[in-house]
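Working notes, beginning with the structure itself.
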Amino acid sequence: MSSKGYEVRITHRAEKDIKKLTPKLKKKLYEILTETIAKDPFEGKRLIGDLEGSYSYRLTYQDRIVYSVDVGKRIIYVERARTHYGD
């Protein structure tokens, strides 16, 4: 990650989601986090409602990466790594 990039931190809830992903999806998740979101955290869709203040980025047709951004500290907190439409 470049010096301009954001640090990515995984929450406990997201860790549980990641454990359920296939190896192929884990690799895709890593690539999205390091190559896209860490470089431009506002690339994702801004969420509203209960998840207001967070962003969503598509992992699969159904699954999304849900994350929040601390601009001051340059940290991205990955909150979920699977669907947020109900498990």
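Worth pointing out:
- Note: relative contact order over the chain, using C-alpha pairs below 8 Å and six or more positions apart, is 34 percent.
- Taking amide H as placed 1.01 Å from N in the peptide plane, Ser54 has its amide H under 5 Å from the amide H of Leu47, each at least 5 places away in sequence or on another chain.
- Size of electric dipole in the chain: Cβ of Lys, Arg +1 and of Asp, Glu -1, about Cα centre, debye, nearest 20: 300 debye
- Cut-off under 5 Å, modelled amide H: who pairs with Thr11 long-range: Val78
- Along the chain, the exposed loop sites are chymotrypsin sites (Phe, Trp or Tyr not before Pro) outside DSSP states H, G, I, E and B with at most 16 other Cβ atoms within 10 Å, and the longest stretch free of them is 1-60.
- Theoretical ellipticity at 222 nm over the chain - DSSP helices of four or more residues, -39500 (n - 2.57) apiece, nearest 500: -6000 deg cm²/dmol
- Full extension of the chain between Arg13 and Val71 gives 18.7 nm of extra length, using 0.36 nm per residue less the Cα-Cα distance.
- Of the trypsin sites (Lys or Arg not before Pro) found in the chain, the ones in coil according to DSSP and having at most 15 other Cβ atoms within 10 Å of their Cβ are Lys4, Lys20, Lys39, Lys73, Arg74.
- Shape call, segment 20-69: gyration tensor on alpha carbons, a/c limit 1.5: oblate
- The chain pair-distance distribution - Cα-Cα, 10 Å bins, rounded %: 18, 56, 24, 2
Each value in this text was obtained by applying a stated rule to the coordinates, not by laboratory testing. The shown structure was predicted, so the numbers you read here are calculated from the model rather than taken from an experiment. Neighbour counts are summed over all protein chains in view; Cβ atoms, including those assigned to glycine, are modelled from backbone coordinates with ideal geometry.
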